[in-house]
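Have a look at the structure below before the remarks.
Values quoted throughout were computed directly from the atomic coordinates according to the rules given, and no laboratory measurement underlies them. Since the structure is predicted, the reported quantities are computational estimates derived from the model, not experimental observations. Backbone-built Cβ (ideal geometry, glycine too); neighbour counts: all protein chains shown.
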Amino acid sequence: MMKPANNDLRTNLGLAFALLVLIGIAAASVDTVNRFADGAHWVDHTQQVIGELEMLTTQISLAESGQRGFLITNDERDLRSYQSSSSAIPMVLDSLQKLTADSPLQQRRIANLRIVMDRRLAMLRIGIEARQRGEIDRIAERERLGRGRELMEELVALVGEMRAGEDALLKQRSAVLEAGRIRTDAFIVLGNLSALGLLLFSFGVMKRQIAQRREAETQLRRYAAAVEDLYNNAPCGYHSLDAQGIFVQVNDTELKWLGYEREDLIGKVAFPDLLLPDNRVSFQENFSQVKLGTPVNDIEYELIRKDGSVLPVSLNATAVRDEAGNYVQSRASMFDVTLRREAEQRMHRANAFLDSVFEHIPHMIFVKDASELRFVRFNKAGEDLLGLPKGAIIGRSDYDFFTREQADAFVAKDREVLAGGKLVDIVEEPIHSKVMGERWLHTKKIPITDEAGKPRYLLGISEDVTDGKATERRIIELNQSLESQTAELQASNRELESFSYSVSHDLRSPLRAIDGFSRILQEDHGHALDSEGQRLLGVIRSNTKRMGQLIDDLLAFSRLGRQHLNVTTVDMTALAQEALAEVNLEYEELTPQVVMAPLPKAQGDPVLLRQVWINLISNALKYSRTRKPPLLEISAESNATHVVYRVKDNGVGFDMKYYNKLFGVFQRLHGADEFPGTGVGLAIVQRVIARHGGRVWGEAAVDRGATFCFSLSKEGRNE
Amino acid sequence: MNDLEPVEILLVEDSQTDGEMTQRALKKAGLTNAVFWVRDGAEALDYLFCEGAYADRKQRPPKLVLLDLKMPKVDGIEVLRRVKGDARTSTIPVVMLTSSAEENDIVKSYQLGVNSYLVKPVEFDRFVAEVSKAGCYWAVMNKVAGPL
């Protein structure tokens, strides 16, 4: 964009130049007109000269003819004609001399003309004078006539020269005039053209200037709108107050914060009326200060919104003055400090919370400054341990409380922590407490650094492990004793298992022999035995069969002790149903009524848990087979940690006074004739559940059914 | 026993009564004449590899070995290991006939390449049934490859 001043200058110069050119053209036109007038004068002048020359010729002819007439007639009239013409001639010559004063050539010619004219007149006069005297001399007259003819010719030639001279002069002057006219015409045309050009140029420049001025005005309006927008939508509140404190200007942001419309406030409401009452005195002081010329900064006020809620703000204000320095209005900006206040409150609460935590942690916590290692903070547990109030500890160092050696040791450790920049765990350190005597502490010392990583504080957390140490010793002793007992127990278990295993094996062989040979005896020598002998053989064989069953059960039971537990998540509902189906095959003749709720899943070995269900369900059906119909109820209930599974029947039950025999191997509460069995089923149940970390129990009354329960931990148990 | 008579089944059994009962069971299945009974593992190995007292044995190897597990001197597991580990005898079917239903013994036997594992039932009728079934199957029905 061109500078307006520059543009103006160019326009003015253009216009001035165009004006000058036009003035020049006018002057040139005047000059030309003058010259034309001059030229016309010269044509007149030439015509005049020619007229005078003709007059001269006429006069001399008149003079001659007058003279000749007189000579012939001697008449006085002719003489007068001669006399008037000859007296007119010198006057004509004078007139000519005057007219041609500008041309030396014509002047010379006039001088010659005068001489010739004088001679001719003189000759005429001689003839007249002679006639007057009466002399008639023909010869002399003839001679004079000849001579006069010569002079006339000479005169005519001279007049002709003069005319030609005058014509040439006229021509020359006309040519000069014509050349001047052409120059002037060219000058006028070119001048007008250049003036037109300059005017067009100036016009263009002016047009551009107008456009620029319009653009500048538009920009100015936009700028004003932008400023207003900035004012209204600034992230802070703006307002101005008159000398009475009444709103004269306020921006949209502040209105939005306060919930008022602009017309609610402007000219109507004084700012202090929007303040909480206890802010008003402070406002009046600050407002007076602003009016006197000192701006105020970061003043905090609580404003009351239209809806009655409180808006905390931080305010800056200054005064706007006129040229004379008089107060016009204030100009204030303010920020919403709600979030900051909330953050401060949160921080305050967090600090209070941390202080409370710090204070109530049951271990001694202390903070020392990194340079001099003096205590700056100390908690309640620390006070109790040292037997001193905080006031006696803060600002002091270890040397004020402990022996020199002990303090040296503590300080050395402190320095190590601060230099190393990381936590040091002192598992045990002795300390002498005035009130509690010799104590053992487990202390962690932690360096607290500033932003630059330089240690500023040392944080110490000390747990009194004096009691723990004693307990620990006791635990170690107990553990050792337990370990040796466990080892003994494991050894004896192994012996017992290998014993029962080999016994079971070794027992089977002779048993097989007894059965086998009884059979051989029956087959080969049966005919030699009577019916009693046959019966006895039958008794032998049924007992060996029973013994075989006992041994198999014993083997199964002993195997449980050695088998590895494969713990997974077990669907107990499905498992119990499978077991029920399997047991039902055995008791086909019964049509028990079974109630079974969905059972929670368990963590355990599915093979072993299946055996548990089989044994419990089989027991329940076995002892209720005399009922019509047998009732069987399978259910479960769980608490936070365990699930209890339950199998209930309506069978013969048992007497609770024999409860202690219930889960023993080969222990039975009923006769084998009444209810067959080897007495291993519940022992197996108990062993399986015990290996899962659970518990088995039962409740019953004679003839009133029995309920067996087992509990399993929800987490299961891995061996 | 005729030395030239072909032995179909080698019974390795230290128990007199079990041996007798086994023989009876085999007899019931019609396999009487072809059974040769040795009393321990050492003797079984001598027999199978024609060593010691059996250095001059002329018969073909047996079609089936019925092997007890717990025996004096060399036990059944060791016999099985040697038989299955030797190219001369590895194709002979070996059936364990034992009182032990222990998982360990069963797994070990199958690892060593036993063809069948039978637990001797205490009841005689079932015992007879098991032994005769095994004898018939392995000694008569089953086709084996010749010695490698």
(request) Kindly provide the set of residues from the stretch A:258-278 that are aliphatic (A, V, I, L, M) and part of a loop (DSSP other than H, G, I, E, B), ordered by number. (result) A:Ile266, A:Val269, A:Leu276
(request) Please state which of the following conditions A:Arg494 fails to meet, knowing it meets all the rest: (1) free of Cβ contacts under 8 Å to residues at least 60 places away in the same chain; (2) within 12 Å of chain B (Cβ to nearest Cβ). (result) (2)
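Results for (1) crowded, with 17+ Cβ neighbours inside 10 Å; (2) charged (D, E, K, R); (3) within 14 Å of chain A (Cβ to nearest Cβ), shown as yes or no for each residue.
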| position | (1), (2), (3) |
| --- | --- |
| B:Lys70 | yes, yes, yes |
| B:Gly85 | no, no, no |
| B:Pro93 | yes, no, no |
| B:Leu97 | yes, no, yes |
| B:Ser100 | yes, no, yes |
| B:Asp105 | yes, yes, yes |
| B:Tyr110 | no, no, no |
(request) Count, please, the residues in the stretch A:262-283 that happen to be acidic (Asp, Glu) and surrounded by 11 or more Cβ atoms within 10 Å (Cβ to Cβ). (result) 2
(request) Quick one: which residue in A:Leu580, A:Leu560, A:Leu575, A:Leu536 is in a helix (DSSP H, G or I) and within 14 Å of chain B (Cβ to nearest Cβ)? (result) A:Leu560
(message) Can you list residue pairs whose Cβ atoms sit under 6 Å apart, with the first residue in the stretch A:501-529 being on the phi > 0 side of the Ramachandran plot and facing chain B (nearest Cβ under 7 Å) and the second being of a type in the set (Val, Ile, Thr) and surrounded by 14 or more Cβ atoms within 10 Å (Cβ to Cβ)? Count only pairs 6 or more apart in sequence or on different chains.
(response) none
(request) Kindly provide the set of residues from the stretch A:309-353 that are within 15 Å of A:Leu258 (Cα to Cα), touching a Lys or Arg at 6+ places or on another chain (Cβ under 8 Å) and of a type in the set (A, V, I, L, M), ordered by number. (result) A:Leu311
(message) Checking A:Glu715 against (1) crowded, with 16+ Cβ neighbours inside 10 Å; (2) in contact (Cβ under 8 Å) with a residue 60 or more places away in the chain; (3) more than 16 Å from A:Ala576 (Cα to Cα): exactly one of these is not met. Which one?
(response) (1)
(request) Look through the stretch A:389-435, keep the residues that are basic (Lys, Arg) and in a helix (DSSP H, G or I), and return whichever of them is farthest from A:Arg456 (Cα to Cα). (result) A:Arg404
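Residues checked against (1) outside any helix (DSSP H, G or I); (2) without any contact (Cβ under 8 Å) to a residue 12 or more places away in the chain:
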site: A:Arg214; (1), (2): no, yes
site: A:Leu220; (1), (2): no, yes
site: A:Glu228; (1), (2): no, yes
site: A:Asn232; (1), (2): no, no
site: A:Ala243; (1), (2): yes, no
site: A:Gln249; (1), (2): yes, no
site: A:Lys256; (1), (2): no, yes
site: A:Arg280; (1), (2): no, yes
(message) Cβ-Cβ under 7 Å, sequence separation 6+ or interchain: first residue in the stretch B:82-99 and closer than 14 Å to B:Leu10 by Cβ, partner among the basic types (Lys, Arg) and part of a loop (DSSP other than H, G, I, E, B). Which pairs?
(response) B:Leu97/B:Lys120
(request) Test B:Val140 against the stated conditions and say whether it is touching a Leu at 6+ places or on another chain (Cβ under 9 Å), more than 12 Å from chain A (Cβ to nearest Cβ) and of a type outside the set (Gly, Ala, Ser). (result) yes
